[in-house]
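Accompanying notes for the structure given below.
Read-outs: derived from the displayed coordinates by stated rules, not from any lab. The model shown is predicted, which means the values in this text are computed figures rather than measured ones. Quick reminder, even Gly has a Cβ in these numbers, built from the backbone with ideal geometry, and neighbours come from all protein chains shown.
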Amino acid sequence: MKIARTGQVILFGLLMNFAIGAHAQNDVSSSPTPMASSGAATSSKAADRALRRRVLTALGKAKGLRATGITVRAHDGAVLLEGWVPEQAQIGLASQVAEGVQGVTSVKNTLTLSTF
């Protein structure tokens, strides 16, 4: 009799725990705020990736620029150029090319000179 009562108490506790957990999940998932911010973040990341690709494409097509050592990061229109180029003149050229890409609002150039 005591074992049956203990089993009932444990079963009741498990059911309550499950019910409370399910209710808490429903409250969070029904809220429009987390979903909206997640969608905005995804959209922003996609825009950053697209801008990064456009800058890389422009750098790759630029005459007189060896872009194989250049890494591009983009965030909300701000572009960061990192890496190396083989000639001093290419550092400035990379900035000019990146600034000419549609959607770029600023360029920070941290390229270094390397003769590998």
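How much length is gained if the chain between E99 and R73 is pulled fully straight, taking 0.36 nm per residue apart and subtracting their Cα-Cα distance, in nm to one decimal? List each step's numbers first, then the result.
Details: separation 26, 0.36 × 26 = 9.36 nm, distance 1.35 nm.
So the chain would gain 8.0 nm between E99 and R73.
Need one number: nm distance between label points at R66 and S43, each 7 Å from Cα along Cα→Cβ, rounded to one decimal.
My value for the distance between the label points is 4.3 nm.
Assuming R0 = 30 Å, can you tell me the calculated FRET efficiency for the pair Q88 and T57, based on Cβ-Cβ distance, to the nearest 0.05?
0.80
How much net charge surrounds L111 when only other residues with a Cβ under 13 Å from its Cβ are counted (Lys, Arg +1; Asp, Glu -1)?
+1
Just for segment 45-113, what percent of DSSP beta bridges are antiparallel, to the closest 5?
About 50 percent, rounded to the nearest 5.
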